[in-house]
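Read the structure below first, then the notes.
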Amino acid sequence: MGLRSDHDRTGPKEDLVRNSTLRTQNLNLKRLLDEASLNSVKRDVAERLRSVLMGELHHRVKNMMAIVTAIVRQSLRTAASVADAERAIGSRLMAMSSAHDVLLKVDWTSADLKTVIQDAIETHNTRSGRIAVDGPQIVVASSSILPLTMILNELCTNSTKYGALSVESGRISFTWVFDRTGEIIVFRWIETAGPKISAPGPRSFGSRLIEEALPRQLGGTGCLKFSPGGVEYKLMVPMQMLVPAAMP
């Protein structure tokens, strides 16, 4: 009679136990493989996110330094005195600081357009109703906050010195609407009941800032008009440049 192997000697009960153990081991192995795959995906996503954030930070810092350099250089060049230059530089840098406060509040992501505007005009709109703000609710990208804030600071500062905010009766309307295509948002700043004004001679640095440099950052165009009834400013920005981009 031949010898029986261990396998031959096992009965149905032992086979059941062995099969159950194998199934458990297979399930554990599958779970470990799934976790490894998931961790790999997470690491890949985290690396992509880090790369995007670092690129965005680098872009923002370069833009900010370029703006600060231009502000200081041009303010010194066009100011009538050192004191005037100091006031102009201080006002513009404070506007940048205010914009960054908003960015910190929203974790550098996006913000409600009306909130951005109200924060930008807050120090100038000391009397209720002097600057009326109206427009549809829009969530804007963080990259739009700084140029919008700087534009509004220039308009408010100029109005406080020479325009509607320099007299008790002066009023300002700041609105935004979609154009007929729905792809462009049109901002309008209109001053009324202020002192009579006329177009200055050579364009100031502030005018070039809100007609060229800052609108260009938004991918749009700006137009400043000195009407007898008051200053008018029009800014046109593509919606795709204003709203947050989807995460790649």
Checklist outcome for this item: Within region 157-248, DSSP-loop GluC sites (Glu not before Pro) with at most 11 other C-beta atoms within 10 Å are 168, 183
Checklist entry - Which of 161/196; 62/234; 105/234; 114/234 have a Cα-Cα distance over 19 Å? => result 62/234; 105/234
Checklist entry - How high is the relative contact order of region 104-181, given as a whole-number percent (alpha carbon pairs under 8 Å, six or more residues apart)? => result 38
Checklist entry - Given H placed 1.01 Å from N in the peptide plane, which residues other than close sequence neighbours of residue 138 have an amide H under 5 Å from its amide H? => result 113, 114
Checklist entry - Taking a temperature of 10 °C and a viscosity of 1.306 mPa s, what whole-number D in µm²/s does Stokes-Einstein yield for region 77-242 with Rh from Kirkwood over alpha carbon pairs? => result 98
Checklist entry - Where the only charges are on Cβ atoms (+1 Lys, Arg; -1 Asp, Glu), what is the dipole of region 103-248 about its Cα centre, to the nearest 20 debye? => result 380
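Read-outs throughout are calculated quantities, based only on the coordinates presented, and are distinct from any laboratory measurement. All of these numbers come straight from a predicted model, not from anything done at the bench. Here Cβ is always computed from backbone atoms with ideal geometry, including for glycine, and neighbour counts include all displayed protein chains.
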